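The values are calculated or read from the model by the stated rules, or taken from the named source; none is laboratory data. As the structure is a prediction and not an experimental result, all values here were calculated from the model. Neighbour counts are summed over all protein chains in view; Cβ atoms, including those assigned to glycine, are modelled from backbone coordinates with ideal geometry. All accessible areas refer to the heavy atoms of the entire protein, side chains included, with ligands and DNA or RNA removed. Shrake-Rupley method; radii C 1.70, N 1.55, O 1.52, S 1.80 Å.
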Amino acid sequence: MTTKHPVLVTGGAGYIGSHAVLALKDAGWSVAVIDNLVTGFRFAIPEDVAFYEGDIEDADLLARIFADQGMGDGKGAIMHFAGSVVVPESVENPLKYYHNNTAKSRALIEAAITAGVPHFIFSSTAATYGIPKVSPVTEDAPKEPINPYGMSKLMTEAMLGDVSRAHPFNYCVLRYFNVAGADPKGRTGQSTAGATHLIKVAVEAALGKRSHVGVFGIDFDTPDGTGVRDYIHVSDLASAHVLALEAIIAQPLQSLTMNCGYGRGFSVLEVLDAVDRVTNLTIDRRFEGRRAGDPDALISNNERIKSMLPWTPQYDDLGMIVEHALAWERKLSEIRPV
């Protein structure tokens, strides 16, 4: 039986972080959240979860949270989601990404080491691979990021490795592929205005919140010429975090790095067709030029996570992912009318 340490979720008011909070609560863990609410939403955090509005580079605040939550001296865990995630913005404003994703992560890790918080789950990305030469991509593939977003995450991965060799501290890096969908019970979802995720954009278009969906490139080396991606339901991703936390607590001398995806891909047009089927509408598709750095296909090899964790995806169905995203988008219209 895994010891259920108190868990601090950074960025717990954001998209993936808020689903992780629910997964932890549902599994009986004691959870607290720190979020500066720059891109997160207070309504995404359950009322009975301790919430601290602030920044992860505020060492005094972190020390207070650790004391409040009974973390430190070999107890406690951090799930670290806080950061910036828009790839084109990272190209335009690299210093923002190296600050938010790398420098602030360093401050958070230092606070954990200072207090003696021994376990750390890190929200990383398939962007660390850049444009992989082989797909599906394994965790051991070359890490050659082509944008500051991917590099800022890879630098934090390197820090975690170095720190774990110097201190009584272990971690799990989870490299996400394309996260989509929403909590099946409608408790939280992707709430960011102006989001760039394809399924989010498509369900917004279906509900009249956008006039069309841009399809960036039709000349990829794929069956229909549009980019192929591995879409993972956010609730399956959240459950992987809880299982990863149990694993590193059970094996405190072991750290893990694992892909999070389903190991199969759908093209942009296949996704839009699925949205059309679910909504019984035809979304306006506007074909535009390719974006710099978009790989033809990006699909995870997920054999490692399936062998290391008792992880069985529950929502591995594109239509279901779209249905849950659509249901949340409708609820969001009630929470925050356009």
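State whether the residues of the stretch 248-261 include one that is in a helix (DSSP H, G or I), buried (at least 18 other Cβ atoms within 10 Å of the Cβ) and not hydroxyl-bearing (Ser, Thr, Tyr). Show your work before the answer.
Filtering the stretch 248-261 down to residues in a helix (DSSP H, G or I) leaves 248-250.
If we keep only those that are buried (at least 18 other Cβ atoms within 10 Å of the Cβ) as well, we get 248.
The next check asks that each one be not hydroxyl-bearing (Ser, Thr, Tyr); those that pass are 248.
Looking for residues that are in a helix (DSSP H, G or I), buried (at least 18 other Cβ atoms within 10 Å of the Cβ) and not hydroxyl-bearing (Ser, Thr, Tyr), one finds at least one in the stretch 248-261, hence yes.
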| task | Go through the residues of the stretch 92-110 one by one and say whether even a single one is over 30 Å from residue 292 (Cβ atoms) and open to solvent by 10 Å² or more (accessible area, probe 1.4 Å). | result | yes
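Based on this model, can you work out whether residue 13 counts as within 23 Å of residue 57 (Cα to Cα) and either assigned to a helix (DSSP H, G or I) or out of contact with any Cys (no Cβ under 6 Å at 6 or more places or on another chain) (or both)?
Numbers: within 23 Å of residue 57 (Cα to Cα): yes; either assigned to a helix (DSSP H, G or I) or out of contact with any Cys (no Cβ under 6 Å at 6 or more places or on another chain) (or both): yes.
So residue 13 passes the test.
Out of 237, 154, 160, report the one residue that is more than 14 Å from the chain's Cα centre (by Cα), open to solvent by less than 20 Å² (accessible area, probe 1.4 Å) and modelled with pLDDT of 95 or more. Please lay out each step first, then the result.
On the way: 237 fails: more than 14 Å from the chain's Cα centre (by Cα); 154 fails: open to solvent by less than 20 Å² (accessible area, probe 1.4 Å).
It is 160.
Out of curiosity, is residue 13 free of Cβ contacts under 8 Å to residues at least 40 places away in the same chain, farther than 30 Å from residue 147 by Cβ and open to solvent by less than 10 Å² (accessible area, probe 1.4 Å)? I'd like the intermediate steps shown before the answer.
Details: free of Cβ contacts under 8 Å to residues at least 40 places away in the same chain: yes; farther than 30 Å from residue 147 by Cβ: no; open to solvent by less than 10 Å² (accessible area, probe 1.4 Å): yes.
When the stated conditions are applied, residue 13 does not pass them.
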| said: If I filter the stretch 172-193 for residues that are over 15 Å from residue 106 (Cα atoms), aliphatic (A, V, I, L, M) and more than 14 Å from the chain's Cα centre (by Cα), do I get at least one hit? | reply: yes
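On the phi > 0 side of the Ramachandran plot and touching a Pro at 6+ places or on another chain (Cβ under 8 Å): does that describe residue 263? Before the answer, list the steps.
Values: on the phi > 0 side of the Ramachandran plot: yes; touching a Pro at 6+ places or on another chain (Cβ under 8 Å): yes.
Yes.
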| request: Go through the stretch 200-234 and count every residue that is assigned to a loop (DSSP other than H, G, I, E, B) and open to solvent by less than 10 Å² (accessible area, probe 1.4 Å). | output: 5
| If we keep just the residues of the stretch 164-196 that are open to solvent by 20 Å² or more (accessible area, probe 1.4 Å) and of a type in the set (Ser, Thr, Tyr), which is farthest from residue 118 (Cα to Cα)? | 196
| Pairs with Cβ under 8 Å, 6+ apart, first in the stretch 71-92 and more than 16 Å from residue 17 (Cβ to Cβ), second surrounded by 17 or more Cβ atoms within 10 Å (Cβ to Cβ) and of a type in the set (Val, Ile, Thr) | 71/65; 71/117; 72/117; 75/117; 76/7; 76/117
| field | Unique match (being closer than 26 Å to residue 150 by Cβ, buried (at least 24 other Cβ atoms within 10 Å of the Cβ), over 15 Å from the mean Cα position of the chain (by Cα) and of a type in the set (A, V, I, L, M)) among 34, 113 | value | 34
| field | Matching residues in the stretch 130-165 - criterion: being in contact (Cβ under 8 Å) with a residue 40 or more places away in the chain, assigned to a helix (DSSP H, G or I) and either within 18 Å of residue 303 (Cα to Cα) or of a type in the set (Asp, Glu) (or both) | value | 157
